[in-house]
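For reference, the structure is listed below as structure tokens.
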Amino acid sequence: MPSVSATAPAKIILLGEHAVVYGQPAIALPVSDVRARAAITANPLGKPEEIEIISKRVHLRTFLSDLTPDHALPRLFDRFRLECGIPKLPAMAITISSDIPIAAGMGSGAAVSVALLKALGLFVGVTFSISQLASMAFESEKAYHGNPSGIDNTVIAYESPIFFKRDEPVNFFSILSEFTLVIANSGIPAKTIETVSAVRKRYEENPQVIAALHEQIGKLVEKARQYLEYGALTKLGETCNQNHSLLQELGVSTPLLDELVTAARLAGAYGAKLTGGGGGGNIIALVDENKVSTVEQALLEAGAVQVFSTRIRKISQNV
Ligand code: MEV
């Protein structure tokens, strides 16, 4: 039976989460060594639109038609059929797997969507541009997040560092000096949908104060882009620390995330902050290669349930 498969990376937000929902810029990086996969096998005996979906990790074994229309997968398929102009898809079995921690601010849902869209494209023989993939994956993000900025699906589809502003063309930048990010999971699920709506509530109650915090975050993101381009890692670390303080003021950090951030800094990180929606999930620490194991150890001792590191490579955009 013909069978195809595709993958997509995890992501982290280096700076700018939450403020990005309100039009401020943010910087996101792909984490290519942690990935989601989708494999599709044709079912020549099945009827059109008989689409079985299996994901052992989330204990899902279902037919697409049995999911409610507001679920992320039917939304994704609706958009896919529209985009490729095939109203009825052939029968198939889809197996989804992933190494990306769930509810940890690493874009697990968006990565599954992008991997699935790439595999579906291969399966029906339609080639999509990266921007089409990003825009289709946005459909399922709306089901996961309510009011997503679009940063997760974009960085995952491009698999490249991005400087992102809502509703604007995606921007790329150079990274002059390599560095390592240590990623530590607090073990508490990130509640992005809840933290995004909590920030919205605070914004509605106190628009000037919250808008000012968002603007300060936006300014840090602009500076951070320059520090990445000049290879100023100490400065970049400081902006991460400042961004974390502003996220605390927005009310999306937790005592455990704060403890992890402090532990990473005391162990010698250039800087550390929560990443993604907050309320749980991961923190990131910007570290020099020779400090990685010390920072990882300090994070485990401070209560992280999982730590791993990813190397952010130099990249030249020739701009
Ligand atoms: C989630 O990865 C980042 C948030 O800024 C939400 C979004 O941008 O959609 C918290």
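The values are calculated or read from the model by the stated rules, or taken from the named source; none is laboratory data. Here the structure is a predicted model, which means the values were calculated and not measured. For neighbour counting, all protein chains shown are included, and Cβ atoms are generated from backbone atoms with ideal geometry for every residue, glycine included. Note: accessible area is taken over every heavy atom of the protein model, side chains too, but ligands, DNA and RNA are not part of it. Shrake-Rupley method; radii C 1.70, N 1.55, O 1.52, S 1.80 Å.
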With all protein chains present, the chain has a carbon and sulfur share of its accessible area (1.4 Å probe) in percent of 53
How much solvent-accessible surface does Lys223 expose, in Å² to the nearest 10, with a 1.4 Å probe and all protein chains in place?
90
Percent RCO, i.e. relative contact order, over the stretch 33-90, from Cα pairs under 8 Å lying at least 6 residues apart
33
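Compute the signed sum of charges (Lys and Arg +1, Asp and Glu -1) over the other residues within less than 12 Å, Cβ to Cβ, of Arg225.
Net of charged neighbours comes to +2.
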Would you tell me the accessible area of Arg37, worked out with a 1.4 angstrom probe on the heavy atoms of the protein chains, in Å² to the nearest 10?
90
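First obtain the Kirkwood hydrodynamic radius of the stretch 42-188 from its Cα pairs, then insert it into the Stokes-Einstein equation at 10 °C and 1.306 mPa s, and state the resulting D in µm² per second as a whole number.
Roughly 96 µm²/s, to the nearest whole number.
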Send over a whole-number figure in Å² for the accessible area per residue of the chain, probe 1.4 Å.
43
Under the rule a/c < 1.5 gives rounded, and otherwise a/b versus b/c splits prolate from oblate, where does the stretch 179-271 land using the Cα gyration tensor?
oblate
Output the relative contact order of the chain, whole-number percent, from Cα pairs under 8 angstrom with separation of 6+ residues.
22
Treat every Asp and Glu Cβ in the stretch 251-306 as -1 and every Lys and Arg Cβ as +1, leave all other atoms uncharged, and give the resulting dipole magnitude about the Cα centre to the nearest 20 debye.
120
Given Cα pairs under 8 Å that are at least 6 residues apart, what percent is the relative contact order of the stretch 124-272?
19
Ranking by accessible area, most exposed first, for Val20, Val209, Val112 with a 1.4 Å probe
Val209, Val112, Val20
For the chain, what is the charge dipole size about the Cα centre, in debye to the nearest 20, if Lys and Arg each add +1 at the Cβ and Asp and Glu each add -1 at the Cβ?
380
